[in-house]
Amino acid sequence: MSDRTKLTTSAGAPWVSNETSETAGPRGPVLMQDYQLIEKLAHQNRERIPERTVHAKGWGAQGTFTVTNDITKYSCAKLFSEIGKQTEVLSRWSTVAGEMGAADAERDVRGFSLKFYTEDGNWDMVGNNTPVFFVRDAYKFPDFIHTQKRHPRTNLRSPEAMFDFWGRSPECIHQVTILMSDRGIPKNPAHMNGYGSHTYSMWNADGERFWVKFHFKTLQGHKHYTNAEAEALIGKTRESYQEDLFNMIEEGNFPKWRFMIQVMPEKEAENLDFNPFDLTKVWPHKDYPLIEVGILEMNRNPDNYFQMVENAAYSPSNKVLGIGYSPDKMLQARVFSYADAHRYRLGTHYEALPANAPKCPVHHYHKDGPMRFFPAETGHPDAYYSPNQYESAAVADPAAAEPPLRINGDADRYVQEDADADYIQPRALYAEVMDDAERDRLHHNMAEAMGPCSEAVTERWLAVLGRVHPDYEAGVRKALATDGSDVNAVPVTNDSPVPTK
Ligand code: NDP
Ligand code: HEM
């Protein structure tokens, strides 16, 4: 016993008991001077931080990115500077809609977040396992998320709300088709791709800018659960992803992805027959072939989940020299939204937490506030403002300038002129990429997700499917009729009774 590590208070004083309160007599009451009991209870009350408003349930790992191909003609980012170069990475995968306690194997889009700790600061690649998204304008994002979360009155998820919104936002059909396809329930994150989804940009040492799309292709192969398999699995364990990933990594069976990019010269974007900055569209592979960049290998389980995964703060605003934004309207909104969420969820100086702290020197003039536990490192002890007289203090670096991003146009609120454009790519996915068996599962998955919806919402949505392909509408219509709806289930509309289950 005498060699054991000794318990102390959080102020470092040796502490006598972690099990017995100090009381007036053996039967109590407890003395208020037993401050360490109060400290212990107070800490318990503060063990939670707000869960992420979306992507609350997540699984993380640490690992390495290794460059395998020279892309310096596209990007001067130091992490790509030479073949063989390695960069430490923190990943977090997630579901979107469920709360922190949600079951892992639910049908949902998966988040795919990577924090690259480069010598030039952190680059966050905050993507999904889908190459597109439901909406293309940030005005629609909070409302879309409301439909994915719980109904205010029933406190239940509401298919009526989801399909009502989707039926009135047909630009979502590409993403909803992927969500209802086999890829809607990956077996675990090792068996899915990751996509930056948005168009980003890169620029090279000559200041030439290229538009790029990021792809992370699973090297474990795609594996999915059917609805029935997922249901059976969730009955046994709600934590299948955490179990799979944790065990894979503990056993040395490290998941890997091939990082690839699609590249479009800056000028070309002006003369395409689709908007390359529209998040509901992909760039066809035949026109923009995938170019290998490197291999991502996740090979360490974090020692403390809360510290490294729950405290992780990913943001598309974290970019490094050589990687930039694009005019994508959604991306512009995300550049604002994430750091705002982090200040609320984690606190003012969240970037100093171990998960988020860059692995390179940090010099800034942000001053005090909650969590200011790190020293001021501006280069001079008197330099807590800028500009200042101190030669050793940090100054802005003109070499960090980005080449100008060409923007033109009148300020206005623009809607996509060609409504048919939203159906072309989902049609290719449905009719050309999927085979008969996949289409059949898609029909049934969709029908299952739609039950119970009111007739008006159902018909509106079927009309959207019909615009993709007549077989799509017919297939889901048939599945709705043959799968049989739950007689006890009632759609939640404004004037309908509360569902009985
Ligand atoms: P390709 O035939 O070159 O690419 C088809 C892609 O579809 C492959 O990347 C494949 O992924 C992916 N895929 C297969 N099944 C599914 C599914 N159920 N859900 C989502 N993706 C799936 O054709 P195009 O580049 O011309 O694209 C045709 C359609 O494929 C697009 O309209 C889009 O819907 C879809 N797609 C295209 C991507 C792109 O970046 N161009 C990326 C992903 C999907 P994998 O290689 O992993 O097998
Ligand atoms: C998480 C906002 C679109 C991927 C979040 C969070 C917010 C948010 C506030 C929680 C952040 C936190 O608390 O740490 C938005 C807004 C969007 C948008 C406003 C549109 C305007 C997207 C898109 C993608 C995406 C298009 C993928 C391409 C993610 C991922 C996470 C996340 C992966 C989880 C990050 C993590 O692992 O911590 N989003 N989002 N989001 N979002 Fe978005």
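Here is how the numbers come out for the structure above:
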quantity: Peptides 440-451, 247-258, 26-37 ordered by average Cβ neighbours within 10 Å, highest first; calculated: 440-451, 247-258, 26-37
quantity: Candidate aspartates and glutamates - alpha carbon under 16 Å from residue 236, same-chain residues fewer than 8 apart omitted; calculated: 104, 106, 244
quantity: Charge dipole of region 421-488 about the Cα centre (unit charges at C-beta), most positive-ward option of 453, 464, 434; calculated: 464
quantity: 5 angstrom amide H check on residue 104, placed H, neighbours 5+ away; calculated: 239, 240, 241
quantity: Euclidean distance between Cα centres, region 434-469 to region 125-160, Å; calculated: 18
quantity: Stretchable slack from residue 100 to residue 229, in nm (0.36 nm times residue separation minus alpha-carbon distance); calculated: 44.2 nm
quantity: Rg(Cα)/(2.2 N^0.38 Å) for the chain, N = residue count; calculated: 1.10
quantity: Distance between region 304-361 and region 214-239 - C-alpha centres, whole angstrom; calculated: 28
quantity: 18 Å Cα-Cα reach of residue 223 towards lysines, excluding residues that sit fewer than 8 places from it in its own chain; calculated: 187, 256
quantity: Residue 150-residue 303 pseudo-label distance in nm [points 7 Å out on the Cα-to-Cβ vector]; calculated: 3.7
quantity: Order by protection proxy (mean Cβ within 10 Å, highest first), peptides 64-75, 139-150, 262-273, 392-403; calculated: 64-75, 139-150, 262-273, 392-403
quantity: Residues 378, 177, 53, sorted so that the one with the fewest Cβ neighbours within 10 Å comes first; calculated: 53, 378, 177
quantity: Hz values of 3J(HN,Hα) by residue in region 186-202 - Karplus curve (6.51, -1.76, 1.60), Gly and Pro given as x; calculated: x, 5, 5, x, 5, 9, 9, 7, x, 9, x, 6, 5, 7, 10, 9, 10
quantity: Ascending count of other beta-carbon atoms within 10 Å, so fewest first, for 278, 382; calculated: 382, 278
quantity: Region 381-388 - phi-based ³J(HN,Hα) in whole Hz, Karplus 6.51/-1.76/1.60, Gly and Pro as x; calculated: x, 8, 8, 10, 8, 8, x, 9
quantity: Extended-chain gain in nm, criterion 0.36 nm per residue less alpha-carbon gap, residue 360 and residue 243; calculated: 38.8 nm
quantity: Phi to ³J(HN,Hα) by Karplus 6.51 cos²θ - 1.76 cosθ + 1.60 over region 238-243, Hz, x for Gly, Pro; calculated: 8, 10, 5, 5, 4, 5
quantity: Residues listed by number, region 269-297, amide nitrogen under 12 Å from residue 406 label point at 7 Å toward C-beta; calculated: 269-271
quantity: Cα shape, region 305-403, gyration tensor, a/c 1.5 rule; calculated: oblate
quantity: Ellipsoid semi-axes in whole angstrom, largest first, where each is sqrt(5λ) of the Cα gyration tensor of region 1-155; calculated: 45, 29, 13
quantity: Reachable aspartates and glutamates from residue 78, criterion Cα separation under 15 angstrom, eight or more residues apart if same chain; calculated: 70, 88, 119, 120, 124, 206, 402
quantity: Region 406-468 shape via C-alpha gyration tensor axes, a/c threshold 1.5; calculated: oblate
quantity: Sorted by Cβ neighbour density within 10 Å, fewest at the top, the residues 454, 91, 181; calculated: 454, 181, 91
quantity: For residue 127, distant residues with modelled amide H under 5 Å away; calculated: 112, 113, 114
quantity: Greater than 26 Å apart at Cα, pairs in 140/286; 115/329; 115/213; 40/149; 6/115; calculated: 140/286; 40/149; 6/115
quantity: Separation in nanometres of the label points that stand 7 Å from Cα toward Cβ, at residue 6 and residue 343; calculated: 4.5
quantity: Label-point separation, residue 333 to residue 389 (7 Å along Cα→Cβ), nm; calculated: 5.0
quantity: CD proxy at 222 nm, helix term only [per DSSP H run n ≥ 4: -39500 (n - 2.57); per residue of the chain; nearest 500]; calculated: -7500 deg cm²/dmol
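Every number in this text was worked out from the coordinates using simple rules, so none of it is lab data. Note that the structure is predicted; figures quoted are calculated from it, not measured. Please note: Cβ atoms are built from the backbone with ideal geometry, for glycine as well, and neighbour counts cover all protein chains shown.
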